[in-house]
Amino acid sequence: MRYDIADLSLAAGGKKRILWADNDMPVLAAIRKRFAKTKLLKGKKVSACLHITAETANLARTLKEGGADIVLCASNPLSTQDDVAASLVKDFKIPVFAICGENRATYYKHINAAIDNKPVITFDDGADLVNELHTRRKKDAHRIIASMEETTTGVIRLRALARAGNLKFTVIAVNDAASKHLFDNRYGTGQSTVDGIIRATDILMAGVKVVVAGYGWCGRGFAMRAMGMGAIVVVTEVDPIRAIEAAMDGFEVMPMSKAAKVGRLFVTLTGNKNVILAEHFKMMQDRAIIANSGHFNVEIDIPALKKMSKKIKRNVRNHVDEYVLKNNRRIQILADGRLINLAAAEGHPASVMDMSFATQALETEYVLKKQGKFEPKVYEVPVEIEQKVCTLKLESMSLAIDKLTPEQKEYLAASDEGT
Ligand SMILES: NC(=O)c1ccc[n+]([C@@H]2O[C@H](COP(=O)([O-])OP(=O)(O)OC[C@H]3O[C@@H](n4cnc5c(N)ncnc54)[C@H](O)[C@@H]3O)[C@@H](O)[C@H]2O)c1
């Protein structure tokens, strides 16, 4: 078995974490049990470019139980949990190509190793693998039955590819499923971003002025949690609808040019580039802390910060680089502007990844059952799958809900009953 990981001897610790996470992933575990019987994925080659975490390990185990021949590579150079990668290789016999801290060349070498598996199904978190299949590895695109996309930024890239008429195969926007982004992006990113910032800095959130750039699903999750911990939260936005939502949810709303002067902790969650720029760094107070939880490390203009700094102190604390400006103010950048929740903490809690990865697993089954019925387009996850995942999750939480009566169903489907 070919693989490339940091250290196989870390496997014992990784296995414990995989099994611990599995305790909080009952929906995925139930699907795994069923997949082991139906073996719908038997002999199917699958390559998954995802964050190599304990939760991803449980998705990979599920697909393998279904019969898939699965290979994993990282979707971010800093998010690999090396102990989990080791256990996947040693205990679960799943090849992994991922090393935490790998450079760009190794990152792409690993994606290419996953493509060498000749996949018919791929998984992506940010569309880097699919992008490779549309550029340097075009010859391998013809085999793909479908590709699952896990995150907002990936879906945006793939829709752009489809709009330009260049998408070569079917893509499923798993991120856009209600059973995914409403929970994973909001509560998962919300909590784990707080977790990453606190692990990196040990900052007391109470009383701190926190600037949240982007009030999308991730931004609102983080803003809500920061507020709950006593932070004074300011939101910056470019979308008037989301800005009003932020204002009515109780947050101060202002442009970054104003927020830069008042904030102590800045967090970008926009999926956009150059949100915090040189002009903003200049206005910031001494020891302003800046982190990013959006997909790519392009939200903070770190190259500009480098240029305008007279000194850069690396690793003043684990995950913290300090940039000293000419005015002697210090700007502290966390995790080099990469996803703070995965770089400094463990990513989303397993309980929420249970829903995301159950959606992924059920969608994979759906696509295989309906093989041949799809075009090279970006498809949504069917509502039946979203509802199935949410129903199973409710059951696992011992929560019951009411059922529509036949009379109510009829009323909701009719137009004749009014005042
Ligand atoms: N850290 C994680 O683990 C994690 C998890 C899920 C998603 N993500 C990533 O987080 C990012 C946001 O995802 P989302 O689901 O919240 O997306 P979203 O589209 O719901 O929200 C993004 C928001 O940012 C706003 N925005 C865009 N440019 C801006 C700017 N210059 N200034 C201020 N606001 C701006 C948009 O108007 C929008 O409201 C994406 O890159 C996504 O891939 C990260």
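Straight-line cross-link partners of residue 403 among the lysines, defined as a Cα under 20 Å from its Cα and at least 8 positions apart when in the same chain: 388, 393.
Using the alpha-carbon centroid of each, what span in Å lies between the range 200-222 and the range 69-98? Here the answer is 30 Å between Cα centres.
Count Lys and Arg as plus one, Asp and Glu as minus one, and take only other residues whose Cβ is under 11 Å from that of residue 156; the net charge is then +1. Taking other residues whose beta carbon is less than 12 angstrom from the beta carbon of residue 262, and scoring Lys, Arg as +1 and Asp, Glu as -1, yields +3.
Relative protection proxy for 110-122, 212-224, from highest mean packing down: 212-224, 110-122 (other beta-carbon atoms within 10 angstrom).
Quick one: grab the alpha carbon gyration tensor of the chain, order the square roots of its eigenvalues as a ≥ b ≥ c, and give me rounded if a/c is under 1.5, else prolate or oblate depending on whether a/b is larger than b/c. It is oblate, given that a/c is not under 1.5 and a/b is not larger than b/c.
For the range 187-343, lysine pairs with C-alpha atoms less than 22 angstrom apart, excluding pairs fewer than eight positions apart on the same chain, total 27. Looking at the chain as a GNM with Cα springs under 10 Å, which of 338, 34, 186 has the largest mean-square fluctuation? Comparing 338, 34, 186 in a Gaussian network model of the chain, the most mobile one is 34.
Largest GNM mean-square fluctuation across 396, 293, 75, computed for the chain with C-alpha springs under 10 Å, falls on 396.
For the range 23-33, backbone phi angles converted through the Karplus equation (6.51, -1.76, 1.60; θ = phi - 60°) give residue-by-residue couplings of 4, 9, 10, x, 5, 5, 5, 5, 5, 4, 4 Hz, Gly and Pro being listed as x. Straight-distance candidates among the aspartates and glutamates for linking to residue 37, with alpha-carbon spacing under 14 Å and chain neighbours fewer than 8 residues away dropped: 65, 365. From helices alone, the chain scores -12500 deg cm²/dmol at 222 nm; the rule is -39500 (n - 2.57) for each run of n ≥ 4 DSSP H residues, then divide by the residue total.
Any read-out appearing in this document is the output of simple, stated calculations on the displayed coordinates, not a laboratory observation. The model shown is predicted, which means the values in this text are computed figures rather than measured ones. Here the Cβ is made from the backbone with ideal geometry for all residues, glycine too, and neighbour counts use every protein chain on show.
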